[in-house]
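What follows is a set of notes on a single structure, which appears directly below.
Just so it is clear, none of the values below were taken in a lab; they were calculated from the coordinates. On a predicted model such as this, the values are computed, not experimentally measured, just so you know. Methodologically, a virtual Cβ is constructed for each residue, glycine included, from the backbone with ideal geometry; neighbour enumeration extends over all protein chains shown.
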Amino acid sequence: MQFQNSLAFARQMDASDKLGKYRSEFHFPKVNEEEVIYFTGNSLGLQPKRSQGFVDAVMEDWASLAVEGHFHANKPWWDYHERLSKPLAKIVGAKPQEVSVMNTLTVNLHLLMVSFFRPTGKRFKIICEEKAFPSDQYMLKSQLRFHGLDPKHALVEIKKRPGEHFWRTDDVVKKINEVGEELALVLMGGVNYYNGQVFDMKTITHAGRSVGAFVGWDLAHAAGNVALELHDWDVDFAAWCSYKYMNSGPGNASGIFVNERYLNKVDLPRFEGWWGTKKETRFLMKPEFEPISTADAWHLSNPSILSLAPYLASLELFEEAGMEALVEKQGKITAYLEFVLHEIAKEVSGNFEIITPKDRGCQLSVLLHGEGKSLFQYLMDNGVITDWREPNVIRLAPAPFYCSFEDMYRFGQILKSGIIRKG
Ligand SMILES: Cc1ncc(COP(=O)(O)O)c(C=O)c1O
């Protein structure tokens, strides 16, 4: 498609956008009395207007039913979480029984490592990408230390090549084969938070499993953003947060994926709690743990219904819009943003560079050569909500659910005036 950097063209794109109607489903913050251009859906997604009703319903049930709400609420609380598995499974390419919602992301990765990181004398190393999201680095290093291992030796980080801003799949696979029989686990971010790169999860999973390692993915920046086929890619396990592209609310619950080959296994090491034991016998309060036959077996506690409610509201929107349509628009709107950035660069001989490779979701990370935080501040003051990453990167993530092509055009004009203002 031949893009044009004009308001008329952007509006024409919006007019033919099947998902355009969803914009009005979200609350937009305002700056200078105008709705913002929101680029931080990769950090905290906007609030769907229907979330409030879902939360209110739980509050009302609690007020009118109190403890009876566990079994007699309109959506009873004891199995409330089960309503999320089916729509989530579609989003991450899984079977419903392979998916569950509980806790938060770092907590879940730790819990999943109880099952999937079991170092032995010979097989004890973990592979991840260099500069992984800090929480993942802390998690991996603390797990290694917990097992009496030295992260300096046991954590193998895949490096980018000198002068390049992205990782090469060949380098990841080569390192996996090199570590070979010593490799216990590959655990990486499916979409890198800093440069927005989508890793070739299928190839990397295959490579890791071929040398006998477990392969897991942190999908914080992938879930609800890019097409995932966790089951078909034969991934062992994965987890994601829901407050980014899934718009479920700040700090909200995390989703997990556990490949069905690990379900119904009594002897699989796992930390256990009463919400992971079979529903049918749970309230008999007997001492034996009988794992639920789904990924729910990893549950420890009864989940926070007030946090599941807005997640369920958001998943209803995903059901309506469909992940395929969202991915299609994500490709278009990100390509249009890239085009606008290139056009603006020509007009102002701009000193910025997109460091996100072509394997990407909706995030473009832009390196500002010679432009400091003042440009970022200018954008924020003028209604563009984006984020700044040290030393000089802004991340732009036009979430397809609520961003418009007109937003991309308007952003280009604000960026241009921000650069020109300095002369
Ligand atoms: C890639 C990645 N991993 C892990 C986390 C940590 O998430 P949580 O605070 O829910 O544990 C984040 C949070 O932004 C993230 O982006």
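Numbers at a glance
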read-out: Order of Leu306, Leu415, Leu44 under a 10 Å beta carbon neighbour criterion, fewest first; value: Leu306, Leu44, Leu415
read-out: Cα convex hull volume per residue for region 163-208 (Å³); value: 77
read-out: Three-way shape call for region 139-243 based on the alpha-carbon gyration tensor, with the a/c threshold at 1.5; value: rounded
read-out: Burial ranking of peptide ranges 100-106, 277-283 (average Cβ count within 10 Å, highest at the top); value: 100-106, 277-283
read-out: Computed log₁₀ I(q)/I(0) - Debye formula, equal Cα scatterers, no solvent, region 261-345, q 0.20, 0.21 Å⁻¹; value: -0.94, -0.98
read-out: Length added when fully stretched, Lys160-Asp267, from 0.36 nm per residue minus Cα-Cα; value: 34.6 nm
read-out: Highest to lowest packing among 332-339, 377-384, scored as the average C-beta count within 10 Å; value: 332-339, 377-384
read-out: Sorted by Cβ neighbour density within 10 Å, fewest at the top, the residues Tyr262, Tyr402; value: Tyr262, Tyr402
read-out: Relative contact order for the chain, counting Cα pairs under 8 Å that sit 6 or more residues apart, in percent; value: 24
read-out: Long pairs among Lys244/Lys265; Lys160/Lys346; Lys18/Lys49; Lys131/Lys174; Lys95/Lys141, criterion Cα-Cα beyond 22 Å; value: Lys244/Lys265; Lys160/Lys346; Lys95/Lys141
read-out: Cα-projected label distance for Asp56 with Ala8, points at 7 Å along beta-carbon direction, nm; value: 4.4
read-out: Rg to Rh, two decimals, where region 30-84 supplies the alpha carbon set and Rh follows Kirkwood; value: 1.20
read-out: Burial ordering of Arg360, Arg270, Arg389, fewest other beta-carbon atoms within 10 Å first; value: Arg389, Arg270, Arg360
read-out: Contour excess over end-to-end distance, with Cα ends at Val31 and Ser301 and 0.36 nm allotted per residue; value: 93.1 nm
read-out: Average Cα contact separation per residue, region 336-423, under 8 Å, 6 or more apart, as relative contact order %; value: 32
read-out: Angle in degrees between helix 201-210 and the longest Cα principal axis of the chain, rounded to the nearest 10; value: 40
read-out: Region 1-126: relative contact order in percent, alpha carbon pairs under 8 Å with at least 6 residues between; value: 10
read-out: Charge sum, other residues only, whose C-beta stays under 14 Å from Gly121's C-beta, Lys/Arg counted +1 and Asp/Glu -1; value: +2
read-out: Net charge over other residues, Cβ less than 15 angstrom from the Cβ of Leu308 (K, R count +1; D, E count -1); value: -2
read-out: Three-way shape label, the chain, alpha-carbon gyration tensor, a/c 1.5; value: oblate
read-out: Pairwise centroid distance, computed over Cα atoms, of region 168-208 with region 113-145, Å; value: 13
read-out: Cβ-Cβ FRET estimate between Glu347 and Val211, R0 fixed at 51 Å, reported to 0.05; value: 0.50
read-out: Relative packing of peptides 62-68, 129-135 - highest average C-beta neighbours within 10 Å first; value: 129-135, 62-68
read-out: Against the rule of thumb 2.2 N^0.38 Å, how large the Cα Rg of region 121-197 comes out; value: 1.09
read-out: Between region 258-306 and region 66-107, the alpha-carbon center distance in angstrom; value: 13
read-out: Projected area averaged over orientations for region 292-392, convex hull of C-alpha atoms, nm²; value: 10.6
read-out: Gyration tensor verdict on region 194-326 (Cα atoms; rounded if a/c is under 1.5, prolate if a/b is larger than b/c, oblate otherwise); value: oblate
read-out: C-alpha long axis of helix 323-348 to longest principal axis of the chain, angle in °; value: 30
read-out: Where a label projected 7 Å from the Cα of Glu288 along Cα→Cβ would reach, residues of region 226-266 with amide N under 20 Å; value: 263-266
